[in-house]
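Beneath this line is the structure, given in structure tokens, with notes to follow.
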Amino acid sequence: MLGIEGAAIGFGLLLFLLFIGQHIATALFSVALLGAWLFFGDAMLRPFGTMMWGTLNNFLLVAIPLFVLMGEILVRGGVTERMYRALADWTRPLPGGLLHTNIAASTVFAAISGSSVATAATIGTVAFPTFRRQNYAEAWVAGSVASGATLGILIPPSINLIIYGAITNTSIGALFLAGVLPGIILALSFMGVIVVASLISPAVSGMPERMAPWPDRRRRLGDLLPPLAIFVLVMGSIYLGFATPTEAAGVGVIGALILTACYRSLNWAMLREAMLSTVATTSMTLLILVAAFYLNFILGVLGVPGQVSAFVSGLDVGPVAMLLLLVALYLVLGCFLDALAMMIATIPVVLPVVTHLGYDSVWFGIFLVMMCELALITPPVGMNLYVTQSVRGRGQVGTVILGVLPFLACILAVVALISVFPGLL
């Protein structure tokens, strides 16, 4: 059991390093380096360069910067703002009014960006000025922005699902397909909560709003077609077998460039900003991925995954009880770890347990990403909470935390649904 004991100590050290503010990649690499040196001496330090090259020399990972660039171009080209206004025309009549626009816009933008943080920043920037003019309950506005943005890592194309597939050798196409239905169910459940809250307390929806004239509503409806066309272009090319996820991401970038050119917002300054932001995001993500692969390599050499699986096999615990334990584990970790760090750090240990219970790697990928969604809006570390508060620009982050609580319950309910009915994926 030396491997399990060492892994437990290493995991504790990882939590400590992250808690004191170390960068995720630094924390992962430090723990891996210490474990390699303690158990094997310098023999296991030498393969790092080769492993780093082998990890990054992967055609699949090229999809990450391409999907990020596609989202950046669409945001900076004004496509998202047009989309938000078009959706607002059609969600105003619902109980909850424009709150539904946050969820609907997050759903559509998630389908073309793959990033939760980008979704929160983009939708929040457009939403908050509008809501303040209508006197909506600010906690519900902030909660719908932060929670709706979590759909960015579930609805394909999702960067987190790409990373999970790369680590576990799971089909990206299968993961993308499996993420669609839970994403739609989750978006509808978010909107259902808003409807119920608005009917119970009309103050949630602020002042009654004047509907836009029908000609304007029909005209702006056309602004929904371009982002949906890009989504169909990207996902359709994957599922019809015309392109790999990486090639489909390249097609999406070309589509985004053509779209922004049609809107007359394509220029060198915009492209420069989009590319600089893409480089920064991709560099951070791939640095974390390299460190995670090295940590997983050390854990594998120590035999930790096999030992954990054997240990679980010897426990008299049923699948339901084990899943509840995993949910509790991720709820606790989500309070202290970034979503990506939580995902990468736990895959090599938890995946053998889940497969032993009879679930496949595709199901676990969706389950894990949904638990990462919880981490994104769980205090004190939830990234979306602070991005939303930053865009909001006033008050305390406690208002955002209060606003996400009903949506946290929705995510847990959908996790329970896919656990009871795994055939939904």
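Can you compute 3J(HN,Hα) from phi for each residue in the stretch 93-99, using the Karplus curve 6.51 cos²θ - 1.76 cosθ + 1.60 with θ = phi - 60°, rounded to whole Hz and x for Gly and Pro?
So the J values, rounded to whole Hz, are x, 6, x, x, x, 5, 4.
Would you work out the charge dipole size for the stretch 43-180 about its Cα centre, treating the Cβ of every Lys and Arg as +1 and the Cβ of every Asp and Glu as -1, and quote it to the nearest 20 debye? Before the final figure, lay out each step's value.
Numbers: 7 positive and 4 negative charges, 28 e Å.
Dipole about the Cα centre, nearest 20: 140 debye.
Between the stretch 321-399 and the stretch 90-152, what is the separation of their alpha carbon centroids in Å?
21 Å
Can you work out ³J(HN,Hα) from phi for every residue in the stretch 58-69, in order, using Karplus 6.51 cos²θ - 1.76 cosθ + 1.60 and θ = phi - 60°, giving whole Hz and x for Gly and Pro?
Once rounded to whole Hz, the list reads 10, 4, 4, 6, 5, 5, 4, x, 5, 5, 5, 4.
Could you do me a favour and compute the accessible area per residue for the chain, 1.4 Å probe, result in Å²?
41 Å²
Assuming 1.002 mPa s and 20 °C, estimate D for the stretch 225-278 with Stokes-Einstein, Rh taken as the Kirkwood radius over Cα pairs, in µm²/s.
D = 180 µm²/s.
Please report, in whole Å, how far the alpha carbons of the chain spread along each principal axis, starting with the longest.
Between the extreme Cα coordinates on each principal axis of the chain lie 71, 48, 40 Å.
Using a 10 angstrom Cβ neighbour count of at most 13 plus a DSSP loop assignment to flag exposed trypsin sites (Lys or Arg not before Pro), which longest range of the chain is free of such sites?
Value returned for the longest uninterrupted segment is 1-209.
When the accessible area of the chain is split by element with a 1.4 Å probe, what percent falls to carbon and sulfur?
Here it works out to 71 percent.
The values are calculated or read from the model by the stated rules, or taken from the named source; none is laboratory data. All figures in this text were calculated on a predicted structure; none of them were measured in a lab. Counting neighbours? That spans all protein chains shown, and the Cβs are built from the backbone with ideal geometry, glycine included. Note: accessible area is taken over every heavy atom of the protein model, side chains too, but ligands, DNA and RNA are not part of it. Shrake-Rupley method; radii C 1.70, N 1.55, O 1.52, S 1.80 Å.
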